[in-house]
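Colleague: My questions will all concern the structure given below.
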Amino acid sequence: MPVFAANLTMMFNEWTFLDRFDAAAEAGFTAVEYLFPYEVPPEAIAERLIRNRLEQALFNLPPGDWVAGERGIAALPGRFDELKSGVDKALYYAAATGAKRLHLMAGLSDPSDPEAASCYRRSIAYTAGRLAEKSIDLLIEPINGRNMPGYFLDDFAKAERLIAELALPNLKLQFDVYHRQIMHGDVAMALRHLLPVTGHIQIASVPSRHEPDGEELNYSYLFEEIDRLGYDGHVGCEYFPRGSTLDGLAWFNPFRRS
Ligand SMILES: O=C(O)[C@@H](O)C(=O)CO
Ligand SMILES: [Mg+2]
């Protein structure tokens, strides 16, 4: 049975950020993820995780100036010092929360620009090395251009090639089924092929990015496939509820912790 992590950036928005941990546990989740924890002291997050017996599945390294529209800095020339201090900060939060996976966002940059490509590889190699000292995996995630126009890592095959070429033991793919379906389709075959390099899976309906309970993907089949493949990581519920988070959790009934 897949182990689901509630994405607290998108779900449980009826509660304040810290209270979302309590709400997710109450709803039967055993793990959580979110984009960024950096507005809240790590000790406060750790306290909620322990109190609710929740595992911290994943969060993202600092992405640059998100509010101004940046979506990561790893492929942006001239930002390496900032990247290094972001790694320090993320590791501090990972130590407090027990996170064993961090996602590094590439940024908005021309995918065919060789300078961006070399910058991205350098950032990944540096970050993976720092994370390896703490036995933490580094994830890279291809993101579809409809949701994030101009995102550097815009192709699953490119991510696969990069992981193979860099050959860093803790560098893995963040396989977001929602992005995969929009970018390339062929989700089940891609899961079979890429599972050996996949460190985290995320889900949402396509095209609406709502609950995984309809529209163009058959999630019952995909959940069984994920089990058949022997995937033992988390499946992040990275979706915007159609209405209230709790009203939208019927799909989760067979999986919830009682
Ligand atoms: O799919 C996404 O959008 C996220 O997983 C993310 O990390 C960046 O927004
Ligand atoms: Mg995602």
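Colleague: Skipping prolines and chain starts, which residues have an amide H placed within reach, meaning under 5 Å, of the one on Arg71, given they are 5 or more residues away or on another chain?
Modeller: It is Leu108, by chain and number.
Colleague: Once the Cβ-Cβ distance between Asp113 and Lys84 is put in as r, and R0 is 25 Å, what FRET efficiency do you end up with, to the nearest 0.05?
Modeller: Step by step, r from the Cβ atoms, then E = 0.70.
Colleague: Still on this structure, I have one more. Please give the Cα centre distance for the range 203-219 versus the range 119-134, rounded to the nearest Å.
Modeller: 33 Å
Colleague: How long is the gain from Glu216 to Val67 if the chain were fully straight, where each residue apart is worth 0.36 nm and the alpha carbon distance is subtracted?
Modeller: 50.5 nm
Colleague: Below 8 Å between Cα atoms, with a sequence gap of 6+, how large is the relative contact order for the range 1-144 in percent?
Modeller: Reported as a whole number, the value is 21 percent.
Colleague: Here is a follow-up. Would you please give the FRET efficiency between Glu39 and Glu165, computed as 1/(1 + (r/R0)^6) with r the Cβ-Cβ distance and R0 = 41 Å, to the nearest 0.05?
Modeller: 0.70
Colleague: If I require 18 Å or longer along the helix axis, counting alpha carbons, and a Kyte-Doolittle average no lower than -1.0, what helices from the chain are left? Use full DSSP H segments.
Modeller: Passing helices, by number: 80-97, 114-132.
Colleague: Right, another one. Give me the count of lysine pairs in the chain whose alpha carbons sit under 15 angstrom apart, restricted to pairs 8 or more positions apart or on different chains.
Modeller: For the chain, the number of qualifying lysine pairs is 5.
Colleague: How large is ³J(HN,Hα), in whole Hz, for each residue of the range 29-35 in order, when computed from phi with the Karplus curve 6.51 cos²θ - 1.76 cosθ + 1.60 and θ = phi - 60°, using x for Gly and Pro?
Modeller: Karplus values, whole Hz, x for Gly and Pro: 7, 10, 8, 9, 9, 6, 6.
Colleague: Using a basic spin-label model with each label point 7 Å from the Cα along Cα→Cβ, how many nm lie between Arg146 and Glu47?
Modeller: For Arg146 paired with Glu47, the spin-label model returns 4.3 nm.
Colleague: Follow-up question, since we're still on this one. Hey, got the Cα dimensions of the chain along the principal axes, in Å, largest first?
Modeller: For the chain, the Cα spread along each principal axis is 49, 41, 33 Å.
A short reminder: the numbers here are calculations on the coordinates, not readings from a lab. Note that the coordinates shown come from a computational prediction; the quantities given were computed from them, not determined experimentally. Don't worry about glycine lacking a Cβ; one is built from the backbone with ideal geometry, like all the others, and counts go over all protein chains shown.
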